[in-house]
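Sharing a structure here in structure tokens format.
The values are calculated or read from the model by the stated rules, or taken from the named source; none is laboratory data. Quick caveat: nothing in here was measured; it's all calculated off a predicted structure. No Cβ is skipped: glycine too gets one built from the backbone with ideal geometry, and neighbour counts run over all protein chains shown. When the accessible area is computed, the model is the full protein with side chains, heavy atoms only, and any ligands, DNA or RNA have been set aside. Shrake-Rupley method; radii C 1.70, N 1.55, O 1.52, S 1.80 Å.
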Amino acid sequence: MGKKEPMQEDCLLEIKNVTMKFTKYDVGVDSLKELVVRAFKGDLKREKFVCLKNISFSIKRGEAVAVIGRNGVGKSTLLKIVSGILKPTSGTVRCRGHITPLLKLGAGFDGNATGIENIYLNAAILGYTKKEIDAKLPAILEFSELGDFIYSPIKTYSSGMLARLGFSIAVSMESEILLIDEILAVGDIAFQKKCYAKLDELRAQGLTFLIVSHSQNVGRYCKRAIWIERGRLVADGDTEEIFRRYAEMMNKD
């Protein structure tokens, strides 16, 4: 194998020729038992579904990049690959620094554990020590505004409360890259404004963002957008221009 080329000095994240394939079954399977029986009988037809194909781009330190596209085109899968939750079928992801993912509600949480227990669990998964989490705990509790609910099991939380907890953990921990997947669409208007103000603060500090969004308001943070369609990167450029082209395509459809 050839020697890998070094990342450019100002490059913080590099995605190169990333392809992701999943197995798709063409028959209904209602249980694990049925899956095993049908597989044993050879009655299970399956094929590979290509979710992402040869995706390549890089992000410089301090950039904020939006990822747009219709539902099901692979945007969330891409963020999971970048965060290390999924391993791509082929291609590479290289990063300098710590990544904090703010993905789907409840991701990385234990529904039977309390909010405060989940803070330690979630932050530990992200690679932080108990001492580091102890130091950040007051800021997380203050930002979340969950009050005594922080001592209740999160399976009793509303979607807005889960958003508060997840967002508070993500923005309170120190990292170089923040991944955001549509989570700001959840929660009350007052807390959304608070979240946007916090993101403004983090952008001013030079934090790097990769944000999945359907809202053109993301242009507030992102001057650059990546458009994915049917698993392929079809455009990479100015956010306003990419959203204009995307809107034209959606109106035609």
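I need the full set of residues from region 99-118 which are open to solvent by 80 Å² or more (accessible area, probe 1.4 Å) and part of a helix (DSSP H, G or I), in order please.
Keep residues of region 99-118 that are open to solvent by 80 Å² or more (accessible area, probe 1.4 Å), which gives 104, 112, 117.
Of everything in region 99-118, just one residue is open to solvent by 80 Å² or more (accessible area, probe 1.4 Å) and part of a helix (DSSP H, G or I), namely Glu117.
Please go through region 47-89 and give me each residue that is closer than 12 Å to Ile228 by Cβ, assigned to a loop (DSSP other than H, G, I, E, B) and hydrophobic (A, V, I, L, M, F, W, C), ordered by number.
Matches in region 47-89: Val73 only.
Is there any pair linking a residue in region 187-206 that is farther than 11 Å from Tyr221 by Cα to one that is open to solvent by less than 70 Å² (accessible area, probe 1.4 Å) and among the basic types (Lys, Arg), with Cβ under 7 Å and at least six apart or on different chains, and which?
Close Cβ pairs satisfying both conditions: Gly187/Arg164; Phe191/Arg164.
Being within 24 Å of Cys95 (Cβ to Cβ) and of a type in the set (Gly, Ala, Ser) is the filter here, so list the residues in region 136-181 that pass it.
Gly166, Ser168, Ala170, Ser172, Ser175
Something else about it: Checking the condition more than 21 Å from the chain's Cα centre (by Cα), part of a helix (DSSP H, G or I) and at pLDDT 90 or above, which residue from Leu121, Leu141 passes?
Within the list Leu121, Leu141, the selection yields Leu141.
Next up: Given the residues Val50, Val65, Val29, which is the only one that is at pLDDT below 75 and surrounded by 11 or more Cβ atoms within 10 Å (Cβ to Cβ)?
On inspection, the qualifying residue turns out to be Val29.
Regarding Lys80, is this residue touching a helix residue (DSSP H, G or I) at 6+ places or on another chain (Cβ under 8 Å) and modelled with pLDDT under 95?
The answer is no for Lys80.
Out of everything in region 191-215 that is farther than 22 Å from Leu141 by Cα and hydroxyl-bearing (Ser, Thr, Tyr), what residue ends up being modelled with the highest pLDDT?
Thr208
Taking region 234-253, which residues are open to solvent by less than 50 Å² (accessible area, probe 1.4 Å) and part of a strand (DSSP E or B)?
Scanning region 234-253 gives Ala235, Gly237.
Under 8 Å by Cβ, and 6 or more places apart or on different chains, what pairs join a residue from region 12-30 that is at negative phi with one that is at pLDDT 95 or above and aromatic (Phe, Trp, Tyr)?
That search, which allows pairs on different chains as well, returns Ile15/Phe57.
A quick yes/no check of all residues on (1) in a helix (DSSP H, G or I); (2) in contact with a Gly (Cβ under 7 Å, 6 or more places away or on another chain):
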| position | (1), (2) |
| --- | --- |
| Leu162 | yes, yes |
| Phe167 | yes, no |
| Ala170 | yes, no |
| Leu179 | no, no |
| Lys193 | yes, no |
| Leu202 | yes, no |
| Phe209 | no, no |
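Can you name the number of the only condition in (1) open to solvent by 40 Å² or more (accessible area, probe 1.4 Å); (2) in contact (Cβ under 8 Å) with a residue 12 or more places away in the chain; (3) under 29 Å from Val67 (Cβ atoms); (4) not acidic (Asp, Glu) that Arg164 fails?
Evaluating Arg164 over (1) open to solvent by 40 Å² or more (accessible area, probe 1.4 Å); (2) in contact (Cβ under 8 Å) with a residue 12 or more places away in the chain; (3) under 29 Å from Val67 (Cβ atoms); (4) not acidic (Asp, Glu) leaves (1) as the failure.
Do we find that Glu174 is out of contact with any Phe, Trp or Tyr (no Cβ under 7 Å at 6 or more places or on another chain), of a type in the set (Asp, Glu) and not in a helix (DSSP H, G or I) in this structure?
On the way: out of contact with any Phe, Trp or Tyr (no Cβ under 7 Å at 6 or more places or on another chain): yes; of a type in the set (Asp, Glu): yes; not in a helix (DSSP H, G or I): yes.
Yes, satisfied.
I need the full set of residues from region 195-222 which are among the basic types (Lys, Arg), under 18 Å from Glu176 (Cβ atoms) and surrounded by fewer than 17 Cβ atoms within 10 Å (Cβ to Cβ), in order please.
Within region 195-222, just Lys198 meets the criteria.
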